[in-house]
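Note sheet for the following structure.
The values are calculated or read from the model by the stated rules, or taken from the named source; none is laboratory data. Bear in mind the structure is a predicted one, so any value in this text is a computation, not a measurement. Positions of Cβ are generated from backbone atoms using ideal geometry, with glycine treated the same way; all protein chains shown enter the neighbour counts. These area figures cover heavy atoms from the full protein model, side chains too; ligands, DNA and RNA do not enter into them. Shrake-Rupley method; radii C 1.70, N 1.55, O 1.52, S 1.80 Å.
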Amino acid sequence: CYIVLESLNSPDSSFRTPIYIVIRYLLHFLPKGHENNEDKTASAMSWILKISTNPDVFKLALDLMVTMSYQPLNIQLSLLIQKVLDMFKECFNSSPVDKSNAVSFGRALIYISWKIDGAMKILGRPTPVWKHWSSWRSLYFPQALEHCRTSFHRMKETVSTDPREQANDTPTALRMALGAGMDNFVNPDKEDEYVELVWHGKFGSELNFQDVEVDWLMECARHFHEAEDFNAAGDALLLLSDLKNISQDSIVPFLNNRSGSPRLRHCALRAACRAVNINSPCDPSFIEAVLTTVNIPPIRRGHNDDSFANVIDLLKLPDWPQLHPLLGSPLIDIQRLVFVVL
């Protein structure tokens, strides 16, 4: 089991024996109507997750699971989650901490919470796992960020020859990196939970990243913005804004996006909140972009008093009105941003 999973999971595995190559070759000649290879892999993976008591084999099955498009697992959900939780906690009870397995089990918990119906209800219950989550984040996030970087650069190199191959790889890697941002499980595919992730997530700013090069994230955000994948653009911008101070002019194109993407709007405003300083003047284009994004008419010399009334009304709001486009964002942060740019 270990050898087969290792060979499936790693393209460079030394376990890719001649027997493995023959088996994979013969699979191409199965008659139509048989289950496809991913179905078979999912079936085998379910079996291993059910019966395996070897942490290494179990870890490899989980590592393979998070790389696949979702396939229904033939295993009782509560048993799977409890097994992963137990192994996750055991990694931190060992001395020294079992870092490699801890990363895999934590990443699997994020994947399960997103992809498997009913998992969020189980994982949402109070559990001792959270006392380890901050420690786990410090282990996982650097690896997740590096995965995003290599995936993005690989995408740039191969997009002209086979764009479909890399179409979902980098956005998925970005989303998995964001998954570690909360001290509870949230589903970023749900609008309200994504907004919570944007404004309250921790994406490495509390870690020591001075020596980590993250400028490629801006290139990544611009790439997906131009490709009109606004979710991936927002994810990259969100990660970058928590790791590094971004110049105001680089945020303007995202603030000026008129696609109607609420996710990108929230990500751009969070970046804008981090880019202002009460003691420093703001760039005029940045001022206009911020005020337009929060639905306030740009204020220029000669405008009538109605424009200023809109600003004052926002600054006096005790809460967001229902159905406001920015509902879910911290009102006090938006008010501070508006106050500073004015």
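The table below gives the values:
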{"quantity": "Residues in segment 239-260 reached by a label modelled at ASP333 [backbone nitrogen below 16 Å; 7 Å Cα→Cβ]", "calculated": "239-246, 255"}
{"quantity": "Förster radius 51 Å - calculated FRET efficiency between ASP283 and GLN82, Cβ distance, rounded to 0.05", "calculated": "0.45"}
{"quantity": "Environment charge at ASN93 (Cβ cut-off 14 Å; Lys +1, Arg +1, Asp -1, Glu -1)", "calculated": "0"}
{"quantity": "Segment 229-300 shape via C-alpha gyration tensor axes, a/c threshold 1.5", "calculated": "oblate"}
{"quantity": "Stokes-Einstein D in µm²/s, Kirkwood radius over Cα pairs - segment 76-147 at 10 °C with 1.306 mPa s viscosity", "calculated": "127 µm²/s"}
{"quantity": "THR150 - accessible surface, heavy atoms, 1.4 Å probe, Å² rounded to 10", "calculated": "50 Å²"}
{"quantity": "Formal net charge of residues neighbouring PHE254 (Cβ-Cβ distance under 10 Å; K, R +1; D, E -1)", "calculated": "+2"}
{"quantity": "Packing-based ranking, highest mean first, of 269-280, 193-204, 90-101 given that Cβ atoms within 10 Å are counted", "calculated": "193-204, 269-280, 90-101"}
{"quantity": "Net charge over other residues, Cβ less than 11 angstrom from the Cβ of ALA144 (K, R count +1; D, E count -1)", "calculated": "+3"}
{"quantity": "Pairwise FRET efficiency - ASN184 versus GLN322, Cβ, R0 = 35 Å, nearest 0.05", "calculated": "0.90"}
{"quantity": "Estimated vicinal HN-Hα couplings, Hz - segment 247-252 in sequence order (Karplus 6.51, -1.76, 1.60; Gly, Pro = x)", "calculated": "5, 4, 5, 6, 8, 3"}
